[in-house]
Structures are given as C-alpha cells and as structure tokens.
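S.K.: Before anything else, here's the structure in question.
The values are calculated or read from the model by the stated rules, or taken from the named source; none is laboratory data. In this text the structure is predicted, and so the values were computed from the model without any measurement. When we count neighbours, we look across all protein chains shown, and the Cβ atoms used for this are built from the backbone with ideal geometry, even at glycine. We work out accessible area using only protein heavy atoms, side chains counted, and drop any ligands, DNA or RNA first. Shrake-Rupley method; radii C 1.70, N 1.55, O 1.52, S 1.80 Å.
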Number of protein chains: 2
Amino acid sequence: MSNEADEVERRRKLEEALEVKALRRIINAYLNYPEASEEDVKRNERSFKKLPQTHKAILSHLPSKFQKLRWCIAQNSYFIFEMLKAFEPPIDLSLNTDICEDQHHQDNSSTSGDILDSQESLETIPREHGNDNFGAFYKISSSSSEWLNPSSQSHVPLVDVDKVRCIIRNIVRDWAAEGQKERDQCYKPILEELERLFPNRRKESPPTCLVPGAGLGRLALEISCLGFSSQGNEFSYYMMICSSFILNITQAAGEWTIYPWIHSNCNSLADNDQLRPISIPDVHPASAGITEGFSMCGGDFVEVYGDPSQEGSWDAVVTCFFLDTAHNIVEYIDVISKILKDNGVWINLGPLLYHFADMYSLEDEMSIELSLEDVKKVAFHYGFELEKESTIETTYTTNPRAMMQHYHLNANCVEVDGMKFSLS
Amino acid sequence: MSNEADEVERRRKLEEALEVKALRRIINAYLNYPEASEEDVKRNERSFKKLPQTHKAILSHLPSKFQKLRWCIAQNSYFIFEMLKAFEPPIDLSLNTDICEDQHHQDNSSTSGDILDSQESLETIPREHGNDNFGAFYKISSSSSEWLNPSSQSHVPLVDVDKVRCIIRNIVRDWAAEGQKERDQCYKPILEELERLFPNRRKESPPTCLVPGAGLGRLALEISCLGFSSQGNEFSYYMMICSSFILNITQAAGEWTIYPWIHSNCNSLADNDQLRPISIPDVHPASAGITEGFSMCGGDFVEVYGDPSQEGSWDAVVTCFFLDTAHNIVEYIDVISKILKDNGVWINLGPLLYHFADMYSLEDEMSIELSLEDVKKVAFHYGFELEKESTIETTYTTNPRAMMQHYHLNANCVEVDGMKFSLS
C-alpha cells in the first residue's frame, strides 16, 4: 500500500516537472526570438557577400534592407518581451526538474533519444489551468521572474523558432485589421449561424458556447460579444501566453506595432510589403462588449472536457481549424457529443490536415486520419444530425500581399454558412 | 607540373565518383518505394490497433482500405520498376566510389557529418549528359543491370522518399488527363504567347526554344509540337529517369495505370477519391507531332548554358516554375540574357518560393531571395524590356479532389498571357 502511494506521488511529481520543463522550453523559444531572427539576417548577408562584384552592384540596396530587417526584429522583440513580462506562470518555474531526467533514463534505457524531442507533448498544458473568468487567467504565480533571464536560455530547436513566428502570424489573423478578410471567411459564417440558432439570447442566462482550439481567442471573444457565455480552450502555451497578454493587458486598440512578414523573403512583391508594420489589436478586447462568463481555459481538450462533470454542459460547441489536431478524431467527436446538452449544436469549420500525419520521427504517435465522408459517419454514430453543409474558400495566416496563398477549399465539413450538426 | 596534373586527375575522378554516388542514391530511393509505402500502411494499422474497441467498430471498414492501399502500392511499384529497367545510366554505376569517402575525410576532418546529407548537390547532374535528339537520351550505357538489384539498397532518407512521391504527382501534372487543368493554367498562356510572337514558323528552320527546369518534359514537348526546335533542360535525375521513360519508351496513350494520391490521408473527401486510378500518358509522345530537334538535356542550367558556345543560340527561353530554384537568381537571369539571340524572348511564369530559403542545415548554401520588384530590376539591368505582365491563379501538383489547394497568385512575374520580356 505504501509502495503504491509512493508511486502515485512519484508520478504526480514527474507530471509537474514535465510541465515545468515544457513551459520553460516555450519561454526559452520566445526569449530566443531576437537571436534566431538575427541569425536569418546574417544568412542573408553571407549569401550577399558571396555574390560576384557585378551582381552586388545591381543589388546595392540589399544591405540597407538587412538593416531595416534588424530594426523590425527589435520592434517585434520589444513586443514579445513586454508580453513575457506580463505573463504570470501558472506553475512554479523554479522547480527542480531532475526527476524528468531520472524518468527518462528509466523509460528509455534502450534508446539514446532525448525526451525533449517529443515536442508535441511538451507544447501542451497537461492539466487544466485558469478555468477562470476573463481578466484573471492564471492563479498560481511564480514568486520571482528569474525565468525571464535570457542568460538561462538553452539551445532552441528550429521547430520552436517556427512556433514563435507562427504565433506572430496568428496575431494578424486574430487581432489586426489585415486579418479581417480571413476572419470574415472563417468566423463570420459561424457567428451568423449561432445568431440564427439562438435568437433569444438573454443577459441573465446566456446560452453557453465552448470553442476548443481557441488559438489567440478572437472567435471566442466575438461569440461572447454576441451574447453567449463563451469559453475558449487552448492546449498550447505559446498561444495562451499571447492571448492572455492581448485579452488582459492591452489598454487600447492599436497599442502595439509589429512586423509579422519579415521572416520570409519568398513570394514577396516588393521589399516594402515585407517590411510593412501592423497595428494590434484592432479592437480593445476589454471594451469590446463581452458577455458575463467569458473565459479561456488552458489544457488538452480530451483531458479537460472528457471529465464527467462536463457532460451536458454546453448549448453549442464551435470547432474552427481544430478537428485535425487530434491523435484520435473519433475521441474528439465522442467528447463533443457528451458535453453538449440535448439538442445542442456543433458547428465545425476547417481542413483535415491531420497534425500527426507526418510525424515520422515519433513512432508511437497515434494518428487516425479519416476522410470527410468518414468524419460524418462518426458524427452520425454519436447521434449527430447534419443540418447544413457548405464549401468555403479561406486562407490561414496568409500574408495578403504575397504571391502565394494556401486555400482550404471545402474547408468546412459539417458546418457553417449553415453547415452544422445538432444532437438528436 | 606533374603534381598539378595529378590534382586535376584526382578532381576529375572525384567528380565522377560523386556523380555515381548521387545517381545510385536516387535509384535506391526508387527501389525503396514499396518498402517506404508499406511502412506508411503499417503506421496506419498500428494507429488503428490502438483504438478502443468501440471506435474500431465504428471504423470497421478501415482494414479493407489498408489492403486496397497495398494493392495500389503494388501497381505503382510495377510502374516504377519497369521505368528503372528501361533506364540506361549515362555513367558506369559499377564504379568504385571510395574516393568520395577519402575526399570527405580530407574536407570534413573536423566534423562528423556525412557528405550524403547534402542532398541538393547529390540530386543534380553535375555535367551535361545526353544533349542529344529525342529518342536517344543517354549515350553511355552501363554494361550490367546490377544496380537494379534491390538487395544492394542502403538506408533511404525520408527526403528521398518524398522526392519519389513528388515525381508520381508530377506525372499527373504533365502526363494525365487530370493534369489538364493545371496545364491549361500554366502551359497554355505560354504556348499562346509563343504562337503570337513567332507567327511564321517554318519546318525547314524552326525557331529555337529552351525550357530550363523542364521537369517531366510536357511543356517542352508541347512547344516542339507547336513548331519550335525545343530543348528541355532538367537538373534532377529523379525527373530525367521518369521523363526518359515516358517520352521514349511508352507505346500508347493510357498504357499505364498509377495511383498517385494514396500517399496522403489528409484533406480527402472520401477514401475512393484517394484510391482512384490515373491513366498515363494522356497522349503518346512519339505520336504527338513533334518538330525536328526536340531533345532533353540533363545538367545544371548555369553549368551547361553558361558555356560560351551557347551565347546567342536561342530565339526563346521559357521558364515555368524554375527561377526560384536558383542559389543566385541573378546568375540565372544573366545566363538567360546571354544565350538569347538579339531580340530574343524570355517568358517566365512561377512563384518566388526560393528552394534554398529554409535550408538551415546547410550553412554554406547560398540563397539570394529577391522580391518580384527586384527580379524585374535585375532583368532590366541585363537589357530586358518588360512587354507584358499579368497575374494568374494556378496550383502545382495538387489533387483536384482534395479539400486543400495551394494557389500561386501572381505566379507569373514578367510573363505570359503575354507577360514576357524581350532583349532590346
């Protein structure tokens, strides 16, 4: 018996330590932003240096472009550091995480791989945190801000560098005027459908709506402003750190200026397009007119909402570019069907670009990759009735002034502009 | 003096050995196709096995899908092996390549990296081969076909597995009825422009047209059929092995059936879409009505056409999805300007998705990444005048029945539907 209790305690400590390690890694990636970006400018400069003199003469304006890139990087870095300074870690980051290494040696004695390579499990927030009202996300605050010290940075893998840049592009999608077109393509049809389906929304008892995969929180906020008690759920700390800053800390529309397009020289029409500034946020969230009960909840969707306490809790579930993040999409649909009230509504929009489809290095990552036809079949099995379905064309975090656009056609399945399911 | 001659001879042998090694690696990747594909099906099966019993019951049709995938893989493998059997290596593949290892130790004594990791240099054809007429590409034939023995396969990196699948998708783009839409978007405006610019094409002395980055050769063939003495240039052996087979060996339209879409479960509307067969070629090349002088030339564009003998040789140069393959795009434009006759025409269409932009692992890879504005500036410098420019929407090797499409907007620069340059 005592042995069993020891084992439970050991497991709990290990989970805690893994979480600390995961969050440290993400903060490191943010802290590393200036260095990683400078490294790219240096690569540009090295390539330029290799040009023969005649070619250099034709492209004599490039060195001044490189200096402008540096200036933009400094502005972005300023934004990122202010964001990190405002972040209150929900766990004690000074915790000793040696137990992870011990565990690692215990579990992987036969291989030489580092547990840190398993990026996906480290990006997530293993347990539920801050399931609290808007304005007070994180309850457990670290006593010191030592974790903000850049000197404590360790090596940052390229995959993490990319994730920080992905967040910067996501800020445009959710919180800039330039993202309006994408939001009109994806969020607007969802909002219109919610409005149609819940015509009598009363302030005293607003209908409840859950948004799994809430990203930087704009859709959840818009749903709140529409008169719903809305909760966003997000598993990535990268996203949560940024959404917390924008939702809770920003003081006014247009308070910040970032340069989101500097990280790629590809498909650019002109250097000035690449270097153009973006004002954020386009609206001040705290003044947007939210409905009581708006919150963001960190954690894995299945872990948090698979809990029996969640059953029959929601009038609506909205999934937008979320379903394909599943290891097992059947489990997602199963959970959605359980947490909806009778006659609840599920609205889904997004591609089926399964996130774990090409994770060749991770032998043990489960990935169930169904066609749209089969996704619907699974939904029917769980008692959903398909009420509407339509095809939309949309982009995702695309630079609107670039020469290449990735369109998701028929991006919705089962959803929007009416395509939605209801529990029968 | 003797020492210098030794060094020249050593360098020549090294180059030859590197080329043999590169070609062996590509043949290995093709030979490995069945194994790599089977591995993917097994991953699907392992994921399915991990499902709880209730989920398995809902998806009980999946095991039969996995068997169908295996059948499709066998059909694709048959096509690939017939293609390899028909291939006559332009170099002696039985050559001892130990000199590469010696060189490697000499050049990289301070690092532990393997020269094989530098994939780009190994995919290319270092020197010019088979600059000969259609129907007799490769002149140097290997004495035995020992290189076709699958047992001589070594480990095949994922990047090579992907390249083989990329070729399979390219077959649809160039040689299947399903690729007609993409060809109409990209090739048709080029062909119409050539027709307009060269109205008096005479059989006795047809205008000459070079197509760098010719891929699987369809555009070069169409230009030939239009009454030009057309030459395709391609640097990748992956492409050359396949184009040689289709252009020289196929006997009739629809002779082969392949299953190009089986390698991704993502964004599929229904399993049957993923499993559908494609007939190739849609036309029998030898009966298509080519003009005397049609040829395909293997080798690096700058190495082959930067040769002084090429100066002022071509009436037209057509680059379609090619410019962004450059380490130094200025060099490409420089060479194009030199090989054109006075008043020659350059027609360009394609994105600026620079191939070496994200090659982080290759510290020494030069990558000059210009905006469209700067590309035009460089062209003006080399004496080009921009005659037409327009924006088209097109896809590249996209499954037309998938939920996601990558569009290249403004894919042309300086080209087509008129957008073309002329040397002034």
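S.K.: For residue A:283, which of the numbered conditions (1) within 24 Å of residue A:175 (Cα to Cα); (2) modelled with pLDDT of 95 or more; (3) within 13 Å of another protein chain (Cβ to nearest Cβ) fails to hold?
M.R.: Exception for residue A:283: condition (3).
S.K.: For region A:326-343, give me the residue count where each residue is closer than 13 Å to residue B:47 by Cα and among the hydrophobic types (A, V, I, L, M, F, W, C).
M.R.: 3
S.K.: Since residue A:197 meets every condition but one in (1) in contact with a strand residue (DSSP E or B) (Cβ under 9 Å, 6 or more places away or on another chain); (2) farther than 27 Å from residue A:387 by Cβ; (3) open to solvent by 10 Å² or more (accessible area, probe 1.4 Å), which condition does it not meet?
M.R.: (2)
S.K.: All but one of (1) under 30 Å from residue A:178 (Cβ atoms); (2) at the interface with another protein chain (Cβ under 9 Å from one of its Cβ atoms) hold for residue A:370; state the number of the condition that does not hold.
M.R.: Tallying (1) under 30 Å from residue A:178 (Cβ atoms); (2) at the interface with another protein chain (Cβ under 9 Å from one of its Cβ atoms), residue A:370 fails exactly one: (1).
S.K.: Continuing with this model, one more query. If a residue must be under 30 Å from residue B:72 (Cα atoms), open to solvent by less than 50 Å² (accessible area, probe 1.4 Å) and touching a helix residue (DSSP H, G or I) at 6+ places or on another chain (Cβ under 9 Å), how many such residues does region B:284-308 contain? Please lay out each step first, then the result.
M.R.: Filtering region B:284-308 down to residues under 30 Å from residue B:72 (Cα atoms) leaves B:284-288.
Still in the running and open to solvent by less than 50 Å² (accessible area, probe 1.4 Å): B:284-285, B:288.
Those still in the list that are touching a helix residue (DSSP H, G or I) at 6+ places or on another chain (Cβ under 9 Å) too: B:285, B:288.
Count: 2.
S.K.: Then there is this: Report, by residue number, each residue of region B:220-274 that is within 14 Å of another protein chain (Cβ to nearest Cβ), surrounded by fewer than 23 Cβ atoms within 10 Å (Cβ to Cβ) and more than 14 Å from residue B:170 (Cα to Cα).
M.R.: Passing the criteria: B:264, B:265, B:266, B:269, B:270, B:271, B:272, B:273.
S.K.: What pairs come out if I take residues in region B:281-292 that are outside the structural domain of residue B:176 (by the TED database) and assigned to a loop (DSSP other than H, G, I, E, B) and pair them with residues that are among the basic types (Lys, Arg) and open to solvent by less than 40 Å² (accessible area, probe 1.4 Å) whose C-beta lies under 8 Å away, six or more apart or interchain?
M.R.: If the second residue must be among the basic types (Lys, Arg) and open to solvent by less than 40 Å² (accessible area, probe 1.4 Å), no pairs are left.
S.K.: Restricting to region B:373-419, what's the tally of residues that are within 11 Å of chain A (Cβ to nearest Cβ), in a loop (DSSP other than H, G, I, E, B) and either surrounded by fewer than 18 Cβ atoms within 10 Å (Cβ to Cβ) or modelled with pLDDT under 65 (or both)?
M.R.: Total meeting the criteria: 7.
S.K.: Looking only at region A:336-360, count every residue that is in contact with a strand residue (DSSP E or B) (Cβ under 7 Å, 6 or more places away or on another chain) and either away from chain B (no Cβ under 12 Å) or among the small types (Gly, Ala, Ser) (or both) and tell me the total.
M.R.: So the answer is 13.
Table: residues versus (1) open to solvent by 20 Å² or more (accessible area, probe 1.4 Å); (2) within 23 Å of the chain's Cα centre (by Cα).
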residue: B:314; (1), (2): yes, yes
residue: B:319; (1), (2): no, yes
residue: B:322; (1), (2): no, yes
residue: B:325; (1), (2): yes, yes
residue: B:329; (1), (2): no, yes
residue: B:335; (1), (2): no, yes
residue: B:341; (1), (2): yes, no
residue: B:345; (1), (2): no, no
residue: B:351; (1), (2): no, yes
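S.K.: Quick test for you: out of B:64, B:60, B:77, B:37, pick the one residue that is open to solvent by less than 70 Å² (accessible area, probe 1.4 Å), more than 16 Å from residue B:161 (Cα to Cα) and not charged (D, E, K, R).
M.R.: The conditions single out B:64.
S.K.: Here is a further query. Considering only residues of region B:26-50 that are among the hydrophobic types (A, V, I, L, M, F, W, C) and more than 19 Å from the chain's Cα centre (by Cα), which is nearest to the other protein chains (Cβ to nearest Cβ)?
M.R.: That would be B:48.
S.K.: What about residue A:23, is it away from every other protein chain (no Cβ under 14 Å) and touching a Phe, Trp or Tyr at 6+ places or on another chain (Cβ under 6 Å)? Spell out the reasoning first.
M.R.: Details: away from every other protein chain (no Cβ under 14 Å): yes; touching a Phe, Trp or Tyr at 6+ places or on another chain (Cβ under 6 Å): yes.
Here the answer is yes, as residue A:23 does meet what is asked.
S.K.: Another question, if that's okay. Please go through region B:14-28 and pick out each residue that is open to solvent by less than 20 Å² (accessible area, probe 1.4 Å) and closer than 19 Å to residue B:298 by Cα.
M.R.: B:17, B:19, B:20, B:22, B:23, B:26, B:27
S.K.: Looking at (1) over 23 Å from residue A:341 (Cβ atoms); (2) of a type in the set (Gly, Ala, Ser); (3) open to solvent by 10 Å² or more (accessible area, probe 1.4 Å), find the lone condition where residue A:205 falls short.
M.R.: Result: residue A:205 fails condition (1) only.
S.K.: Okay, next question. Being outside any helix (DSSP H, G or I) and either of a type in the set (D, E, K, R) or closer than 16 Å to residue A:259 by Cβ (or both) is the filter here; which residues of region A:88-104 pass it?
M.R.: Correct list: A:88, A:92.
S.K.: Answer with yes or no whether residue A:333 is among the aliphatic types (A, V, I, L, M) and facing another protein chain (nearest Cβ under 9 Å). I'd like the intermediate steps shown before the answer.
M.R.: On the way: among the aliphatic types (A, V, I, L, M): yes; facing another protein chain (nearest Cβ under 9 Å): no.
Spelling it out, it is not the case that residue A:333 is among the aliphatic types (A, V, I, L, M) and facing another protein chain (nearest Cβ under 9 Å).
S.K.: Scan region A:293-330 residue by residue and report those that are in contact (Cβ under 8 Å) with a residue 40 or more places away in the chain, within 14 Å of another protein chain (Cβ to nearest Cβ) and part of a loop (DSSP other than H, G, I, E, B).
M.R.: Once the filter is applied, which keeps residues that are in contact (Cβ under 8 Å) with a residue 40 or more places away in the chain, within 14 Å of another protein chain (Cβ to nearest Cβ) and part of a loop (DSSP other than H, G, I, E, B), region A:293-330 yields A:321, A:326, A:327.
S.K.: Something else now. Quick one: is residue A:365 more than 7 Å from chain B (Cβ to nearest Cβ) and farther than 22 Å from residue A:211 by Cα?
M.R.: Yes, satisfied.
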